[in-house]
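Following: one structure in C-alpha cells, then a few remarks.
The values are calculated or read from the model by the stated rules, or taken from the named source; none is laboratory data. Because the structure is a prediction, the values reported are computed rather than measured. We place every Cβ from the backbone using ideal geometry, glycine too, and count neighbours over all the protein chains shown. Only protein heavy atoms, including side chains, enter the accessible area calculation; ligands, DNA and RNA are left aside. Shrake-Rupley method; radii C 1.70, N 1.55, O 1.52, S 1.80 Å.
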Amino acid sequence: MSDVRYPFTAIVGMADLRLGLLLNAVSPAVGGVLVRGEKGTAKSTMVRALAGLLPSIATVEACRFACDPAAPDQQCPDAPHTAPGTELRPAHLVELPVGVSEDRIVGSLDLERALAEGVKAYEPGLLAKAHRGVLYIDEVNLLQDHLVDLLLDAAAMGRSYVEREGVSVRHAARFLLVGTMNPEEGELRPQLLDRFGLTVEIAATRDAAERAEVVRRRLAYDADPAGFAARFAGQEQELAERITTARELLPEVELGDPALRQITAVCAAFEVDGLRADIVMARTAVALAAWAGRTEVLEEDVRQAARLALPHRRRRNPFDAPGLDEEQLERTLEEHAEQPEQPQDPDGHGPDNDGDGDGDGDGDGPDGGGPDGGGAPEPAGPPQDGSAAPAPEQDERDQQGAPVPQPAPGGGRESTPVAAGEPYRTRLFKVPGTGKGAQGRRSPAETDSGHTIRARRPRGRLSRLHLAATLQAAAPYQVARGRAARALVLHKDDFREQVRRGRESNLVLFVVDASGSMAARQRMTAVKGAVLSLLMDAYQRRDKIGMITFRGSGAELVLPPTSSVEVGAARLEQLPTGGRTPLAAGLLRAHEVLRVERMRDPDRRPLLVLVTDGRATGGKDALAQAGRAADLLAAQGLAAVVLDCESGPVRLGLAHTLAARLGAAAVSLDELRAEGVAALVHAHRTADHDRKAA
C-alpha cells in the first residue's frame, strides 16, 4: 500500500460527506461525523484524505501527549513543562481497529515495575496520540461494548483515565471523532450514536458516467500514487487554505435570536431527546456560515444543519431507520421565520396579503363568506348523469383490493405477509454454564469486565492485577529472598491476575414455522410480534442473530448470522406463509448453520429459538423425522427454547413433546411477556401467603 494519501479533492460525488467532514475541520466542537453506507463507497478513503488538509498544530517539544504550549496540561504524564520549547506537528489521524484491546486504547501501565520498583512506567495509547487530531473508527458498530464505554468517557470529558490497583494516570484526550459503518452489520448503541455530532448517509452513484470516472481515477492512483496526488496538489492547497480562513472567521460569526429560535423549534418539532441536538445544530450552523465566508447565520444554514445533525437522533426504537421529514422541516422553519413588520392602512386594518380588499388575509371577500361573498359553499350534490354516488368506504376497499392467495412451494396456498404485532419486553433466556465469548448482556461468561471471582497466573501480559493474591503468593518467600527494606521482593511467578465474571453475547438462531398451519392472519400477527420482541431483546443484549424459515417443501436461511437485528426485523415483516410443514428440514438446516458458525466463531455459544405449533406434514413419517432431527440437535448439548404457537380449544401438545426431545424449555405466547411472568409469580406468592395465614 502506498504512503501517499488519495487526495480529498479527487473523490467524485458524495457532497454531504465532504461537507460534514469539512465543517468538523473548521469547528471540531461540532462533535464528529458518523458515516453510514454500503460497502465499497470510499468511506474510509475520504476520511483518511481529510487528514492531509488539517492545519499543523503547535505542541510542547518532546511531549508524547501533544500538549499545547500556550496552555500545557498540568496532569500530563510528561509534565512539568517548564519553559517548554515548541514544535509543529501534523494533526494525527489515528485509526482504531475493530479488534483493538483496552490497553491499546488508553495506554498500558507496567504493574510489575510499579509494585517492585515504585516507578510509573506508562506507555501512551491511541487516545493520547489522537489528542488534538482525528480519531477514526472503521466499522464502529462492531466495537465491543466496554471499549465503547471508554470512548464515551473520553469524548464526554476530554480526558483519558488509566486506573490500575491504586496507580492512576490521566491526560487530555480531545479529538475529532469520525466513524464509519455498514448498517447491514448492525446499529450503534444509542449512547454512542448521540455522541456523533453529524451523520451522513452515502450510497454508490447509479450514474454510469460518474462510476466510470471513479474507476478511472482509482486506476490512475494505483498506477502512480505520487503523480496522481501531484495533479490535485493545487486544489488540495486551496481547500486547506479555505479551512484555515474559515477557522479564523468562526469567532466572528453571530448566531442571532431568529436563527436560534428556528434551531430550537426544529429540535422540539422532531422530538429529539435531550438538548445536545440543539447545541450541535447551533455549532453546525455557525460553521456553515464561516465556511461560506459570512458572519451571520441564515435560514439556509439552519436548514442544512438540521439535515446533518438530526436524522440519527430521530430513532424512537431500534428498528427505526434514521431519516428526516423534509416537509415537516420546511413547515417548522417557515412558521418560526423572522417576519418583517407590515404597515397598517389608514382604516386600521392589517395588510391586504390575499388581494381581496378586506385586509383580513383570508381570501374570502369582504362579507366573510365564500369567495363570491355569498357565504359558505354548498356541499356537492349527486352526479348530474343520474348515477348514484359511490360509498367512500366501498371505494377504498375496491382500490385496495383483496389479496389473491398464490400457490406456495410444495403445495397449498400462500398468504400475503401480515404486519407484526407491537413488540414488548420478553423473558430473559440464557445459555447455561459459563462461556468466554464476546462481551454482551445475555449469558454468564468470563470477560474483561464484571466482578472478580478468583485469581490465576497471568496468561500473557499482566493487565488486571489481583493484588491480594499476588501478596499472598510472595509472602512465604520474603525471608528466603533476603528482604531487608520495607519493599516487597517480588518475582515474576508471584503475580496473579483477576478472573472476572460478566455476561457474553450469543448467537440467537430463530427457526420459524411459516407453513399453512400458521397462516391465520390474527395468529401470525401475534407470532411475528413475539419474534419481533425477541429480536429487540437480542438487539439490547448485543447478540448476533440468524433466521431460518420452513414451509412448503423445505427450509431456507433467510438471514445468515449477523449483528444487524434491523435486517432480521425487515425479513420477518416480509415473511409469507403457506404450504406444508417440513419441520425436520428446518431443524436439519439449523444443525448445519450452527456447525458452520461453530467453526467460524468457536467462543460464541448459540441459543436456538424454535417458533412452531409442533405439527409436521409433507411425508408419511414427518413427525418421526422431526423427532430424529431434534435428537441430533440435543446430542450437541444445544441450549434451546420452543415458542409454542398452538392455539384453539383443542391442543395436541406437539410443541411440548418436541421441546422434551430437544432438552428445551417450552413457552407459550402468553408466557413470553416479562410482565406476564412477573404477574404469575406475584399471584403464586400471594396465594402461598394466604394459605400460610389461614
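Restricting the search to the stretch 651-675, which residues are open to solvent by less than 20 Å² (accessible area, probe 1.4 Å) and over 20 Å from ALA626 (Cα atoms)?
The answer is LEU672, ALA674.
Suppose we keep only residues that are at pLDDT below 85 and assigned to a strand (DSSP E or B) within the stretch 407-434. Which one would you say is nearest to the chain's Cα centre (by Cα)?
SER415
Each row is one residue, and each column tells you yes or no for (1) at pLDDT 75 or above; (2) of a type in the set (Gly, Ala, Ser); (3) out of contact with any Gly (no Cβ under 6 Å at 6 or more places or on another chain).
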| residue | (1), (2), (3) |
| --- | --- |
| GLU123 | yes, no, no |
| GLY133 | yes, yes, yes |
| HIS146 | no, no, yes |
| LEU150 | yes, no, yes |
| ASP153 | yes, no, yes |
| GLY158 | yes, yes, yes |
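Going by the conditions given, is ASP78 charged (D, E, K, R), farther than 18 Å from ALA25 by Cα, part of a loop (DSSP other than H, G, I, E, B) and in contact with a strand residue (DSSP E or B) (Cβ under 7 Å, 6 or more places away or on another chain)?
The answer is no for ASP78.
So is LEU21 more than 24 Å from ASP153 (Cα to Cα) and open to solvent by less than 20 Å² (accessible area, probe 1.4 Å) or not?
When the stated conditions are applied, LEU21 does not pass them.
Is it the case that some residue within the stretch 635-650 is surrounded by 15 or more Cβ atoms within 10 Å (Cβ to Cβ), aliphatic (A, V, I, L, M) and in a helix (DSSP H, G or I)?
no
Given the criterion among the small types (Gly, Ala, Ser) and within 23 Å of ASP194 (Cα to Cα), identify the matching residue among GLY40, GLY20.
Exactly one residue qualifies, and that residue is GLY20.
Taking the criterion of being assigned to a loop (DSSP other than H, G, I, E, B), modelled with pLDDT of 80 or more and touching a His at 6+ places or on another chain (Cβ under 7 Å), would at least one residue in the stretch 86-109 satisfy it?
No, there is no match, as no residue in the stretch 86-109 is assigned to a loop (DSSP other than H, G, I, E, B), modelled with pLDDT of 80 or more and touching a His at 6+ places or on another chain (Cβ under 7 Å).
Give the residue that is nearest to ARG283 (Cα to Cα), with candidates limited to residues of the stretch 1-12 that are at pLDDT 85 or above and open to solvent by 10 Å² or more (accessible area, probe 1.4 Å).
The qualifying residue nearest to ARG283 (Cα to Cα) is THR9.
For residues that are basic (Lys, Arg) and under 17 Å from PRO458 (Cβ atoms), scanning just the stretch 470-496, find the one that is most open to solvent (accessible area, probe 1.4 Å).
Step by step, filter the stretch 470-496, then rank; the result is LYS492.
Can you pull out the residues in the stretch 233-279 that are surrounded by fewer than 17 Cβ atoms within 10 Å (Cβ to Cβ), β-branched (Val, Ile, Thr) and either more than 32 Å from the chain's Cα centre (by Cα) or assigned to a loop (DSSP other than H, G, I, E, B) (or both)?
THR244, THR245
Quick one: how many residues across the stretch 185-213 are surrounded by fewer than 17 Cβ atoms within 10 Å (Cβ to Cβ) and more than 25 Å from THR284 (Cβ to Cβ)?
Final tally of qualifying residues: 11.
Can you tell me which residue within the stretch 651-687, out of those that are assigned to a loop (DSSP other than H, G, I, E, B) and more than 37 Å from the chain's Cα centre (by Cα), is modelled with the lowest pLDDT?
ARG651
Looking at VAL178 and the list (1) closer than 21 Å to ALA91 by Cβ; (2) modelled with pLDDT under 85; (3) part of a strand (DSSP E or B); (4) hydrophobic (A, V, I, L, M, F, W, C), which single condition is not satisfied?
Result: VAL178 passes all but (2).
Give the residue that is nearest to the chain's Cα centre (by Cα), with candidates limited to residues of the stretch 594-619 that are open to solvent by less than 30 Å² (accessible area, probe 1.4 Å) and among the acidic types (Asp, Glu).
Within the stretch 594-619, the match that is nearest to the chain's Cα centre (by Cα) is GLU597.
Filter the stretch 488-516 down to the residues that are under 30 Å from ALA569 (Cα atoms) and part of a loop (DSSP other than H, G, I, E, B) and list them by number.
Across the stretch 488-516, the qualifying residues are SER505, ASN506, ALA514, SER515.
Of all residues in the stretch 563-593, count the ones that are outside any strand (DSSP E or B), among the hydroxyl-bearing types (Ser, Thr, Tyr) and open to solvent by less than 20 Å² (accessible area, probe 1.4 Å).
Of the residues in the stretch 563-593, 2 are outside any strand (DSSP E or B), among the hydroxyl-bearing types (Ser, Thr, Tyr) and open to solvent by less than 20 Å² (accessible area, probe 1.4 Å).
Would you check if there is a residue in the stretch 517-526 being crowded, with 23+ Cβ neighbours inside 10 Å and not in a helix (DSSP H, G or I)?
no
Can you tell me which residues in the stretch 547-562 are surrounded by 22 or more Cβ atoms within 10 Å (Cβ to Cβ) and small (Gly, Ala, Ser)?
GLY552, ALA555, listed by residue number.
Checking ALA212 against (1) closer than 27 Å to LEU324 by Cβ; (2) at pLDDT 90 or above; (3) not charged (D, E, K, R): exactly one of these is not met. Which one?
The number of the failed condition is (1).
Test THR41 against the criterion of being in a loop (DSSP other than H, G, I, E, B) and open to solvent by 50 Å² or more (accessible area, probe 1.4 Å), and give yes or no.
No, not satisfied.
Just one of VAL499, VAL531 is touching a Leu at 6+ places or on another chain (Cβ under 9 Å) and open to solvent by less than 20 Å² (accessible area, probe 1.4 Å); which is it?
Step by step, each of VAL499, VAL531 is checked, and only VAL531 is touching a Leu at 6+ places or on another chain (Cβ under 9 Å) and open to solvent by less than 20 Å² (accessible area, probe 1.4 Å).
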